[in-house]
1. In whole Hz and in residue order, list the ³J(HN,Hα) couplings for the stretch A:6-21 that follow from phi through the Karplus curve 6.51 cos²θ - 1.76 cosθ + 1.60, θ = phi - 60°; x for Gly and Pro.
2. Give me the Kirkwood hydrodynamic radius of the stretch B:230-303, using the inverse of the mean 1/r over all pairs of distinct Cα atoms, in Å to one decimal.
3. Compute, for chain B, the length of the dipole vector about the Cα centre, with Cβ point charges of +1 (Lys, Arg) and -1 (Asp, Glu) only. Units Debye, rounded to 20.
4. Enter the mean projected area of the convex hull around the alpha-carbon atoms of the stretch B:95-144, in nm², rounded to one decimal.
5. Using only the Cα atoms of chain A, each taken as one equal point scatterer with no solvent, compute I(q) by the Debye sum, divide by I(0), and report log10 of the ratio at q = 0.10, 0.18, 0.25 Å⁻¹.
6. Checking the a/c ratio against 1.5 first, then a/b against b/c, what shape does the Cα gyration tensor give for the stretch B:214-356?
7. Considering only DSSP beta bridges whose two residues both sit in the stretch B:233-353, what percent are antiparallel, to the nearest 5?
8. What 222 nm value per residue comes from the helices of chain A, counting each DSSP H run with n ≥ 4 as -39,500 (n - 2.57) and dividing by all residues, nearest 500 deg cm²/dmol?
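The values are calculated or read from the model by the stated rules, or taken from the named source; none is laboratory data. Predicted model, so just to flag it, every value in this text is computed and none were measured. Quick reminder, even Gly has a Cβ in these numbers, built from the backbone with ideal geometry, and neighbours come from all protein chains shown. Accessible surface is based on the protein model in full, side chains and every heavy atom, while ligands, DNA and RNA are left aside. Shrake-Rupley method; radii C 1.70, N 1.55, O 1.52, S 1.80 Å.
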Amino acid sequence: MKQFTYTITDPVGIHARPAGLLAKAAKALDSTVTITKAGGKAAAATKLMAVMGLGVKTGETITFTIEGGNEEASAAAMEQFCKDNM
Amino acid sequence: MQVATGKSILNGIAIGPLRIYKQVETQTSQISSITPEEEYARFDAARVKAQEQLGGLYDKALDEVGEENASIFEIHQMMLDDDDYLDAVKGIIDTQGATAEYAVSTTGENFAAAFADMEDEYMRARAADVKDISRRVVNVLLGKGDEEMMDDQPAILVADDLTPSETVQLDKSKLLGFITRHGSSNSHTAILARTMNIPALVGVDFQDDWDGKLAVIDGYNHCVYIEPAQELLSAMEEKRANDIKQEALLQSLKKKPNITLDGKEIKVYANIGNAGDVGLVLQNDAQGIGLFRSEFIYLDSKDYPSEDQQFMLYKRVVETMAGKKVIIRTLDIGADKQADYFELDREENPALGYRAIRICLTRKEVFKTQLRAILRASAFGTVSIMFPMIISVREVRDAKEILEECRAELQERGVAMGRVEIGVMIETPAAVVIADELAEEVEFFSLGTNDLTQYTLAIDRQNPKLDNFYDSHHPAVLRMIRHTIEAGHRHGCWVGICGELGADQTLTETFLRMGVDELSVSPSSVLPLRKIIRSLDLSKVEKA
């Protein structure tokens, strides 16, 4: 299992578009990716509406948990995705 | 004649017969007569078909309203790939022996309800999206094409609500305008209507017997007239003809620079009094917003508007302007503009009283709420702040210091912000006289000629008895303007005019000769002004 945290800089938080892109990117990986908000609410990164349902706002820090498959590569891919899109 | 009111999406006039569209309640049977596997296969095929349709809509929207607005259809496609959505549909089919149609519409309702409960306004608006995609899949399942909402005659469409996809699919050559009972001015449908330049009203409590009647949407006054009296109809036709003339002028002057025959270029911006005016700013091809009167947010509110409320409004304006400059004037309340919850005392002499920056500097929390909202919006485009009613250097320094406090607070919260240019309104004789010192503190000046004239001439413009004494071209005012422009330029400030005089076409040449950098006028004055500027030749000796 690998974990990293990321603080959202997109002023609207994780809205529909980044959530959709995230789902697409996460589906392409061979690992399971879960994102968790402070307080424990979590959603699978592949689930667009569940991720939107977390209502993550700008400035909030979320934790990415990567399990199974090539965790190293998946974590790196997710980190890069965050920087580019959220 | 009947009049109904609503929220206007676009300042425009539409005249034509009303056509009421009722969404046909789709009758779906609940219990399936085939196996769950077969039902799910039906659903899956319909889902893929719906995604293809959405792909087509994306391309159409891309053409008509641009990528930013079209992306909603891309998101709709992605929603139909969502695992939870698919699982929910499958669950209903499997456990209830339901038809695919029933499973999809139930899932759509459930997801929409979950979004509608969220605290975030943006997320709440997503409920309509989930319903929209579910309806599309059900229609495919039932073998129905997209419903024909209009017949062959051009008309004003009336409906309970319009989904984004319905809005994009409408035949624009027949759609004169539309009226809906539901929907917010923030919805995707509203944004699309604005971008497509279609007069529209939302939140109208319409009646079924309106169908077929002649009506006028008056977007300027947020209302619709049903079977208008001849006199009103003529007035509206004239207004519409004016809009069309303006449009023709726009077509001939669009994208052309505001440049004189001898090559001097100046900026022409627009003044706006509320967020809904942004459409007009873009329609009239203004290069920016030179005066965003932020007080409407306070005047339209029953209590102090929160930072988030203000942020959403500023952001919408800044985003819509897409990188063009937006100059937000901080709260200018007091005098003739009153909001009860401010609990301002009655004054003998309100024009000279407790107002604008004087309120802001003494009620610091009110001021900071607004400044934080503006700073947050600055991440989305090009934002400038200007402070009104300045009479001293100390006031400017205090205001800047408070602005810096706000910036530091937001930085601590990890909020993104852009660079914000700072300026002051020059609208008191005191500010003109000390313009050199003020210019050292800021990056631009904007001359508020209405107050400057009133304070310089000591004439109350509301008093009709004084009309004989009032001279808007009084040499004292013109000299003050010249002095301000020169002082600003000595210290590297650009100088604009945002008061009524800026639109006075008999003074345009004078202002240009004084070296003014920008004129900010009402949106409808932008193009006439451009026409004048393009006909001037400053290299010739001034006419006597």
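1. 9, 9, 5, 10, 4, x, 8, x, 7, 8, 4, 5, x, 5, x, 5
2. Value: 14.9 Å, from the Cα pair sum.
3. Roughly 1980 debye for chain B.
4. Working: hull surface 14.3 nm².
With every direction weighted equally, the projected area is 3.6 nm².
5. So the normalised log intensities are -0.19, -0.65, -1.35.
6. oblate
7. Working: 2 of 9 bridges.
Percent antiparallel among DSSP bridges in the stretch B:233-353 is about 20.
8. Mean residue ellipticity at 222 nm (helix-derived): -11500 deg cm²/dmol.
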